[in-house]
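In what follows, a structure is listed as structure tokens, so that the remarks can point back to it.
The values are calculated or read from the model by the stated rules, or taken from the named source; none is laboratory data. These numbers come from a predicted model, not from an experiment. As a convention, Cβ positions derive from the backbone with ideal geometry for all residues, glycine included, and neighbour counts pool all protein chains shown. Side chains included, ligands, DNA and RNA excluded: accessible areas come from the protein's heavy atoms. Shrake-Rupley method; radii C 1.70, N 1.55, O 1.52, S 1.80 Å.
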Amino acid sequence: MGEVYRARDDRLGRDVAVKVLLAFYSADPDRLRRFEQEAHTAGMLNHPNILAIYDIGTHEGSPYLVTELLEGETLRERLGGEALSPRKAIDYALQIANGLAAAHDKLIVHRDLKPENLVLTRDGRVKILDFGLAKLTQPEAAPGSSAANAPTASPTEPGVVLGTMGYMSPEQVRGRPTDQRSDLFAFGAILYEMLSGQRAFRGESPVETMHAILKSEPSGLAVSPALERIVRHCLEKNAEERFQSARDIAFNLEALATLTSSSAAPPPAIRASRRPVHWAAAGVALLAVTFLAGRKTGFVAGEKSRAAPSYRQLTFRRGVISSARFAPDGQTIVYTAAWDGNPTEIYSTRREFPESRSLGLVRAGLTAMSSAGEMAVVVGGTQAGFPAPLGYGALARAPLAGGSPREILEGVSWADWSPDGKQLAVVHLAEGKIRLEFPIGKVLYETAGNVSYPRISPSGDRIAFFDHPIRADNRGSVAIVDLAGKKNTLSTGWAAETGLVWSRQNPDEIWFTATPKGGGLALHGVTTRGDQRLITQGPGGMVLEDISQDGRALIRRDNFRRAVFGLAPGASQERDLSWFDNSRGFDLSADGKLLLFEEESEVTGPNYAVCLRKTDGSPPVRLGEGTPRSLSPDGKWALATHPNTPGLFLLPTGAGDPKQVKTDPLQDFFGRASWFPDSKRIAFAAREPGGRRRCWAQNIVDGGQKPQPITSEEEIFACSISPDGKLVATFAPDGKAALVPLDGGSPRPVSGLMPGDIPIQWTSDGRSWYLARFERATASIYRFELATGQRKLWKQITVPDRAGLERIGNVVVTPDGSSYAYTYIRVLSDLYLVEGLK
């Protein structure tokens with residue numbers, strides 16, 4: 001269809017590839033449509049394993065697109081009719097699966113996956129090319145929404161076969177509708193070829209090849225049974241019997257890669273343990289391979305191994321699970337979930353027939369189950385602060401057999417029952433501090449940070465919990481506290497602490513799911529003496545929810561994604577501006593061409609990353625560690641904080657070195673900092689030790705100047721400088737706002753604000769603010785006139801697919817309203833019953 005040239009991008013100083021559709025073909029409307037479709041489709045994707053599209057245009061009647069330049073060879077060239085080693089094949093396959101998962105997350109199906117469309121770069125990375133046959137399978141969207149305006153492929157006529165012979169799925173061969181599972185079939189054929197050196201389906205003619213795809217099974221592979229099962233599961237003739245997502249395949253492959261690497265070298269020791277680590281890790285990793293390959297039955301015949309646990313999937317709907325507990329009978333499982341975009345409810349299910357039924361408790365979150373069959377639930381939660389079953393709300397008691405909850409305490413995020421089922425330990429927000437109380441009212445531990453997952457020991461004399469030094473961050477330590485309030489930290493240096501239970505096999509051991517800094521998520525054990533061991537590990541969001549009296553475990557698997565979408569100046573469609581799977585937008589440049597965002601993915605390290613990218617979709621630039629706060633008006637500096645170092649930092653967006661802003665003795669920085677128009681001073685909310693948080697100004701040019709207060713000592717959580725630099729707007733926790741003249745005049749209260757209003761940005765003329773009001777899937781943006789208090793709806797942002805959608809937030813708008821960006825979080829969960837963990 002075209003020619004590809006190597007070219008030089010003088011503007012950004014990089015070599016690129018330019019793909020030009022030949023003039024002969026550009027006269028063909030169908031070929032032209034497919035060429036443009038490839039550009040639009042691939043341009044929506046941003047992933048390390050997918051070819052990046054930089055630009056599209058037309059020159060002298062010939063359409064072209066500009067992509068990153070790849071140095072390497074295609075997988076077809078690499079194979080050359082020979083098989084790869086299983087280790088190398090798994091490595092390549094895992095990268096392909098991750099790239100497909102990113103495309104499928106955006107409802108894009110490749111439909112022409114083959115070795116010719118996979119490039120192996122010189123640094124060992126796999127890149128997926130050519131989305132020219134891609135099909136967008138967008139769900140229905142409301143008229144006028146961003147999804148409704150997204151580009152879609154022209155529908156394929158029934159009976160028309162598109163794809164490449166030998167890698168087409170049975171449904172493609174028959175000319176039937178396709179979805180992401182067709183890509184998974186092609187993936188299986190490619191993995192088979194990498195392992196065997198032979199095509200999975202090949203006949204003397206195209207007709208014979210199609211017949212083989214429909215009726216024949218490829219020959220056996222000389223590889224491990226676990227790896228061959230993955231291949232066979234991909235190549236199921238019936239799409240319903242294949243893997244259902246690329247992420248499931250990646251989960252299996254990563255578990256298998258873990259097993260392969262652990263068998264090649266001894267695992268690293270964490271701390272001394274009485275139980276050998278390597279047998280537990282290897283045995284669990286082996287079963288993790290069958291975890292999803294055999295997910296339909298829960299167990300694969302002939303796979304019974306002495307050390308291998310078994311996994312049975314209990315939930316099958318699309319949404320997010322936030323907690324799960326065993327009922328006293330040990331067979332009934334009660335859990336909290338928000339299915340298919342509906343409100344949170346509490347459900348029950350059983351192992352022998354996992355059909356969930358609602359208990360009739362809507363907008364309630366289960367946090368504990370007593371030995372007498374009474375539930376502790378949180379109702380009316382705000383979803384604010386640290387994630388919990390339903391955020392901070394009212395703690396209530398509710399019988400499992402049915403009945404209305406009876407509220408007993410406000411401001412609770414977590415709770416657990418005593419072994420006799422008579423008293424509750426709670427995590428209680430009171431007077432600005434987080435308190436661990438047991439029984440209710442008796443404070444055992446208090447922190448300015450946070451506490452999560454409190455669990456009372458089987459003997460009832462200690463409480464284990466996660467201790468987080470930062471309020472809205474799930475890093476921290478595993479700790480216990482006795483009934484006299486004596487706290488002991490057992491293990492520290494953890495991130496993503498998300499599940500904790502006392503062991504049933506060893507009453508002095510605590511099991512928890514977390515990740516060490518720079519490592520993968522895993523299930524660990526730590527004794528009350530501090531002896532630590534690895535129990536099992538696997539990719540993805542593994543969360544330990546509960547352990548039954550006989551040692552069976554409830555484990556939740558979360559597929560988490562936080563994404564940033566935005567509208568660039570002059571664009572008609574929103575663009576995905578995320579980097580990996582955990583991006584959060586913080587600021588836009590005044591012209592809307594630069595987005596300052598945070599990336600919290602595992603690949604960026606434990607201290608997060610401050611990143612900058614152009615809103616045209618160009619690759620992001622990592623500026624440094626930490627959390628961004630704001631971008632200077634001249635675009636030269638990004639203001640940031642670091643989780644391990646107090647104060648503020650300046651990260652250069654171009655040449656230069658980072659600088660620390662001398663903010664001593666201020667602490668407890670909060671909210672988005674604001675810049676003065678000259679880019680030489682900043683304003684921020686912070687407090688002196690023992691004081692209240694107020695607004696301060698700091699000159700960043702003179703490094704020796706101390707911060708100066710610019711408001712009286714009253715509690716505020718954020719402040720913002722007006723476009724002319726003459727006013728500072730202050731925002732108090734009670735929702736009140738004021739305009740404070742910087743020349744020393746009296747503050748002027750702002751009237752007309754309502755509870756739930758979130759100020760975003762001044763307008764260019766300084767007469768109005770952009771305000772946001774959030775619902776779970778919608779952000780309503782208003783222009784609010786400061787003089788009159790009148791508001792007018794400016795834009796409503798809606799995420800059409802609500803399944804697993806936790807919230808939308810972090811809206812940023814340019815002063816002239818030409819561009820905006822927003823962040824949303826989606827979590828899709830499955831619950832598993834696990835037997836055999838030791």
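Do we have Arg783 as at pLDDT 95 or above, assigned to a strand (DSSP E or B), of a type in the set (Lys, Arg) and surrounded by 14 or more Cβ atoms within 10 Å (Cβ to Cβ) here?
Yes: the conditions hold for Arg783.
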Subject >> Residue among Ala563, Ala484, Ala472 that is closer than 30 Å to Ala590 by Cβ, of a type in the set (A, V, I, L, M, F, W, C) and outside any strand (DSSP E or B) >> reply: Ala472
Original post:
For region 786-823, how many residues meet the condition of being crowded, with 22+ Cβ neighbours inside 10 Å, closer than 30 Å to Pro354 by Cβ and not aliphatic (A, V, I, L, M)?
Top reply: 1
**OP:** Inspect all residues belonging to region 44-56 and state whether any of them is part of a strand (DSSP E or B), surrounded by fewer than 18 Cβ atoms within 10 Å (Cβ to Cβ) and either modelled with pLDDT of 85 or more or of a type in the set (Lys, Arg) (or both).
**Re:** no
**OP:** For region 569-586, state whether one or more residues are open to solvent by 10 Å² or more (accessible area, probe 1.4 Å), within 30 Å of Gly766 (Cα to Cα) and among the hydrophobic types (A, V, I, L, M, F, W, C).
**Re:** yes
Original post:
Conditions: (1) at pLDDT below 95; (2) under 21 Å from Glu374 (Cα atoms); (3) open to solvent by less than 10 Å² (accessible area, probe 1.4 Å). Gly449 meets all but one. Number of the miss?
Top reply: (2)
Original post:
Within region 463-498, can you find the residues that are open to solvent by less than 30 Å² (accessible area, probe 1.4 Å) and in contact with an Asp or Glu (Cβ under 6 Å, 6 or more places away or on another chain)?
Top reply: Phe466, Gly476, Ser477, Ala479
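What do you reckon, is Glu374 within 30 Å of Thr778 (Cα to Cα), in contact with a strand residue (DSSP E or B) (Cβ under 8 Å, 6 or more places away or on another chain), of a type outside the set (Lys, Arg) and open to solvent by 10 Å² or more (accessible area, probe 1.4 Å)?
On the way: within 30 Å of Thr778 (Cα to Cα): no; in contact with a strand residue (DSSP E or B) (Cβ under 8 Å, 6 or more places away or on another chain): yes; of a type outside the set (Lys, Arg): yes; open to solvent by 10 Å² or more (accessible area, probe 1.4 Å): yes.
Judged against the criteria, Glu374 is not a match.
Among residues belonging to region 735-750 that are of a type in the set (Gly, Ala, Ser) and surrounded by 11 or more Cβ atoms within 10 Å (Cβ to Cβ), point out the one that is farthest from Ser589 (Cα to Cα).
Just the residues of region 735-750 that are of a type in the set (Gly, Ala, Ser), to begin with: 735, 737-738, 744-746.
Now narrow it down to the ones that are surrounded by 11 or more Cβ atoms within 10 Å (Cβ to Cβ): 735, 737-738, 745.
Numbers: Gly735: 27, Ala737: 25, Ala738: 25, Gly745: 30 Å.
For region 735-750, the residue satisfying everything is Gly745.
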Subject >> Unique residue being of a type outside the set (Phe, Trp, Tyr) and under 23 Å from Gly592 (Cα atoms) when the list is Pro741, Pro658, Pro733, Pro723 >> reply: Pro723
**OP:** Scan region 611-656 for residues that are among the charged types (D, E, K, R), farther than 17 Å from Ile682 by Cα and outside any strand (DSSP E or B) and report the count.
**Re:** 1
Subject >> Every pair of residues 6+ apart whose Cβ atoms lie under 7 Å, when the first sits in region 360-372 and is among the β-branched types (Val, Ile, Thr) while the second is surrounded by fewer than 24 Cβ atoms within 10 Å (Cβ to Cβ) and assigned to a strand (DSSP E or B) >> reply: Val362/Glu345
Original post:
If we scan region 73-87, do we find a residue that is in a helix (DSSP H, G or I), at pLDDT 90 or above and out of contact with any helix residue (DSSP H, G or I) (no Cβ under 7 Å at 6 or more places or on another chain)?
Top reply: yes
**OP:** Please go through region 608-628 and pick out each residue that is open to solvent by 10 Å² or more (accessible area, probe 1.4 Å), within 22 Å of the chain's Cα centre (by Cα) and not hydroxyl-bearing (Ser, Thr, Tyr).
**Re:** Leu612, Lys614, Gly617, Pro619, Pro620, Val621, Arg622, Leu623, Gly624, Glu625
**OP:** Filter region 493-512 for residues that are in contact with a Gly (Cβ under 9 Å, 6 or more places away or on another chain) and at pLDDT 95 or above and give the result.
**Re:** Ser503, Glu509, Ile510, Trp511, Phe512
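Here is a check on your reading of the model: is Glu254 within 25 Å of Leu120 (Cα to Cα), among the acidic types (Asp, Glu), open to solvent by 20 Å² or more (accessible area, probe 1.4 Å) and not in a loop (DSSP other than H, G, I, E, B)? Explain how you work it out, then say what you get.
On the way: within 25 Å of Leu120 (Cα to Cα): yes; among the acidic types (Asp, Glu): yes; open to solvent by 20 Å² or more (accessible area, probe 1.4 Å): yes; not in a loop (DSSP other than H, G, I, E, B): yes.
So Glu254 fits the description; yes.
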Original post:
Within region 88-104, which residues are of a type outside the set (Gly, Ala, Ser), over 18 Å from Phe185 (Cβ atoms) and either in a loop (DSSP other than H, G, I, E, B) or open to solvent by less than 20 Å² (accessible area, probe 1.4 Å) (or both)?
Top reply: Ile90
**OP:** Residues being under 17 Å from Glu193 (Cβ atoms) and open to solvent by less than 50 Å² (accessible area, probe 1.4 Å): count how many of those fall in region 217-251.
**Re:** 11
Original post:
Does Pro454 fit the bill of being at pLDDT 95 or above and either within 29 Å of Gln505 (Cα to Cα) or open to solvent by 50 Å² or more (accessible area, probe 1.4 Å) (or both)?
Top reply: yes
**OP:** Would you be able to say whether some residue in region 157-175 is modelled with pLDDT of 90 or more, open to solvent by less than 10 Å² (accessible area, probe 1.4 Å) and in contact with a strand residue (DSSP E or B) (Cβ under 6 Å, 6 or more places away or on another chain)?
**Re:** no
Subject >> Near pairs, Cβ below 8 angstrom, 6+ apart or cross-chain, from region 201-230 (assigned to a helix (DSSP H, G or I)) to any residue that is charged (D, E, K, R) >> reply: Thr209/Arg202; Ala212/Arg202; Leu214/Arg174; Leu214/Lys237
Original post:
For region 661-711, which residues satisfy the criterion of being closer than 20 Å to Pro747 by Cβ and among the β-branched types (Val, Ile, Thr)?
Top reply: Ile710, Thr711
Original post:
Assuming Ala396 fulfils every condition listed in (1) in contact with a Gly (Cβ under 8 Å, 6 or more places away or on another chain); (2) over 16 Å from Gly485 (Cα atoms); (3) buried (at least 20 other Cβ atoms within 10 Å of the Cβ) apart from one, which condition is it?
Top reply: (1)
**OP:** Give the residue that is least open to solvent (accessible area, probe 1.4 Å), with candidates limited to residues of region 658-688 that are closer than 15 Å to Gly647 by Cβ and of a type in the set (Lys, Arg).
**Re:** Arg687
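Being farther than 25 Å from Pro469 by Cβ and either in contact (Cβ under 8 Å) with a residue 12 or more places away in the chain or buried (at least 21 other Cβ atoms within 10 Å of the Cβ) (or both) narrows it down to one residue among Leu639, Leu631, Leu648; which is it?
On the way: Leu639 fails: farther than 25 Å from Pro469 by Cβ; Leu648 fails: farther than 25 Å from Pro469 by Cβ.
Just one listed residue meets the conditions, Leu631.
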Original post:
What single numbered condition from (1) in contact with a Lys or Arg (Cβ under 9 Å, 6 or more places away or on another chain); (2) open to solvent by less than 60 Å² (accessible area, probe 1.4 Å); (3) not in a strand (DSSP E or B) fails to hold for Gly460?
Top reply: (1)
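Quick one: which of Leu107, Leu75, Leu79 is open to solvent by less than 60 Å² (accessible area, probe 1.4 Å) and on the phi > 0 side of the Ramachandran plot? Give the steps one after another, and end with the answer.
Values: Leu75 fails: on the phi > 0 side of the Ramachandran plot; Leu79 fails: on the phi > 0 side of the Ramachandran plot.
When all the criteria are applied, what remains is Leu107.
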**OP:** Determine whether Ile760 is within 24 Å of Arg613 (Cβ to Cβ), of a type in the set (A, V, I, L, M) and open to solvent by 20 Å² or more (accessible area, probe 1.4 Å).
**Re:** yes
